[in-house]
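The values are calculated or read from the model by the stated rules, or taken from the named source; none is laboratory data. Since the model is a prediction, treat every value here as computed from it, not as a measurement. We place every Cβ from the backbone using ideal geometry, glycine too, and count neighbours over all the protein chains shown. Protein only, heavy atoms only, side chains kept; ligands, DNA and RNA dropped before computing areas. Shrake-Rupley method; radii C 1.70, N 1.55, O 1.52, S 1.80 Å.
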Amino acid sequence: MRLTEFKDHQQELHSFRLRIGIAGGVVVAAFSLLLLRFVYLQIVQYDYYHTKAEDNRISIVPIMPNRGLILDRSGIVLARNYSAYTLEIFPGEVTDLEKTIDELASIVEIRPSDRIRFKRLLIESKGADSVPIRTRLTDEEVAKFAVNRYRFPGVDIRARLFRQYPLKEIASHVIGYIGRINERDAKRIDDEGLSANYKGTDHIGKTGLEQSYENELHGNTGYEQVEVDSAGRGVRTLSRTPATTGDNLVLTLDIKLQQVAEQAFGDNRGALVAIDPATGGILAFVSKPGFDPNLFVDGIDPANWDALNNSPDRPMVDRALAGTYPPGSTFKPYMALAALQLGKRTPQFTINDPGYFQFGGHRFHDDKPGGHGVVDMYKSLVVSCDTYYYMLANDMGIDNIARFIGQFGFGAKTGIDIEGEATGVLPSPEWKRRHFSKPEQQKWYAGETISVGIGQGYNAYTPLQMAQAMATLANNGVMYRPHLVDYVENIRTGERTRIEPKLVRTIPLKPENLEVVKHALAGVNIEGTGARAFAGAEYTSAGKTGTAQVVALKPHEKYDEKRVTERHRDHALFVAFAPLENPKIALAVVVENGGFGAAAAAPIARKVLDYYLLGKKTDQPAAAAPGEKGDD
């Protein structure tokens, strides 16, 4: 007989109830935790997650401001903006750039130069959201891409503002250009605390006024709050803070005068600066050759960059601002004035010029074989007698020369309102000690003083400094800081912030001494070395020719222009102001390797003065008569 096992139903029921209780407790605990988490997320952390959700739903889109215009004194536009479509790649959203570009090329034209520029911009614009592969798309190209947009994640079309320089090479060094923001620009923007104002902005001023007045021209970035869908596409605009347009720059520059001056140079290299003596306002600022700043707006292609950067004519160098040249005989008026002021000469004092000055076993030659005979101060300037100034420099001494000449701004930056100005060299024993390392090089020799007296030797000044000095002489010793901007205009309010003339110094010059020098400079253009260039002028002007040696001659060697290569020929210079009685304009002209100042530089000055004072314009470049020669 088998024994039957009886189950303990009571015990099983207890165990079951226990398991049910535990499971229920777990469920209740789990729901309690969920409830607590829900309360934590929805109540305690509400503000945080609400902000995160809004960030996902709302995109903050920067609105790039319109850049301010640049205009000349008459309102002629020199730099403006226009809108165009660009095809842009967002590098962070594209896995295979080369493949993407190849596929894009089947829809819109992408030239090899576009690819090269894109690669360069990709390197230069680190951190940029997008980089353009094509700019200024046609309407047809925009439509083609729009149809195929779904094929290209990380590629989009954007409407962009572009800078345009309608006069191209005219005044290119003055205006400058804008270019893509590179790593160095971005660091500077960040260091200056301007990062927020450059969100959405790809370009910044690189040179000229575009660079110097970047803060005024740029404006203030605006913002849009845009509701987006899950794919990041805009659904609607929730709010908008409009961008603030940059301020306009209105210049002292007369662009028509600038065009006359640039045309007068023809194919010659050189520089011209014209200044209003009473204010320091720049009327013309020429550096030849120039360049087309439009080439830089999209990112210049390698072929054009190589052509500009490797050209022996150095079109990217602003000769008026950063080029330094020996002043040659244009230095003599200041030497004459120094002699009068310091009591080293009287107007009536004469020398007998045999055609040279003998000093220390060395013969310093005059340009005229046999000399000029009896020479007083008036004649010394009119015929540009070197011997007179050899002797004068020796009598005055280098310290007196440097102290007096320095008052006219030679060898010092003028403080003009664009960057890149060269200092130049006003030679003195102190300068030589600072700039040479070897003791034998630091010593100042008396023979060096004699060369300085005729504007040679270590003398090296910018055309801007030469023009400022002539303007100061014309203005009876009152010197103003040269400036290019007349006023900054707030386009929203119409308010104009004028750049007031800034007095630099007043040189204490005796009126009778000034009169002697001015009278002689007028004689230069009436009966002297500038007479041919100013024949028949309807106004009285003051001027001085100059010829600056480029290559040193051997002892007893005679300069022969025909036997010297073009780039080793002398520089031609001319300084002037007019009208003599009430000067309205002062200028300096340098023609590189132009030869005699009377032949190459003075005719350019005549064209500029004729246009500014009389409104006369000649279409042909200034040119000397065949075989024309002179002391300068």
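Computed quantities for the displayed model
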item	result
Mean separation of Cα contacts under 8 Å (6+ apart) over length of region 326-393, as relative contact order %	33
Greater than 22 Å apart at Cα, pairs in Lys379/Lys617; Lys379/Lys584; Lys256/Lys607; Lys332/Lys443; Lys256/Lys288	Lys379/Lys617; Lys379/Lys584; Lys332/Lys443
Using θ = phi - 60° and Karplus 6.51 cos²θ - 1.76 cosθ + 1.60, couplings along region 281-298 (whole Hz; Gly, Pro as x)	x, 7, 9, 8, 9, 10, 9, 10, x, x, 8, 8, x, 4, 5, 8, 5, 8
Portion, in percent, of the accessible area of the chain that falls on carbon or sulfur, probe 1.4 Å	52
Computed over region 246-398: relative contact order in percent, which uses C-alpha pairs under 8 Å that are six or more apart	15
FRET E, pair Lys617, Arg567, Förster distance 30 Å, beta-carbon r, rounded to 0.05	0.45
Answer label, with semi-axes √(5λ) of the Cα gyration tensor in Å calculated from the coordinates and candidates [x] 73, 26, 24; [y] 36, 31, 25; [z] 52, 33, 23	[x]
Computed lengthening from Phe349 to Val26, 0.36 nm per intervening residue step minus Cα-Cα distance	104.3 nm
Relative contact order of the chain, defined on C-alpha pairs under 8 angstrom at six or more residues apart (%)	14
Computed helical MRE - 222 nm, the chain, DSSP H runs ≥ 4 contributing -39500 (n - 2.57), nearest 500	-10000 deg cm²/dmol
Inter-label distance, nm, simple model (7 Å from Cα along the C-beta direction), Asn182/Asp399	4.8
Surface accessible to a 1.4 Å probe, per residue, for the residues of the chain, Å²	49
Distance (nanometres) between label positions extended 7 Å along Cα→Cβ at Glu109 and Trp431	5.5
Cα-projected label distance for Trp305 with Val317, points at 7 Å along beta-carbon direction, nm	2.1
Three-way shape call for region 259-299 based on the alpha-carbon gyration tensor, with the a/c threshold at 1.5	oblate
Gain on full stretching of the segment that runs from Leu161 to Arg73 - 0.36 nm per residue minus C-alpha separation	29.2 nm
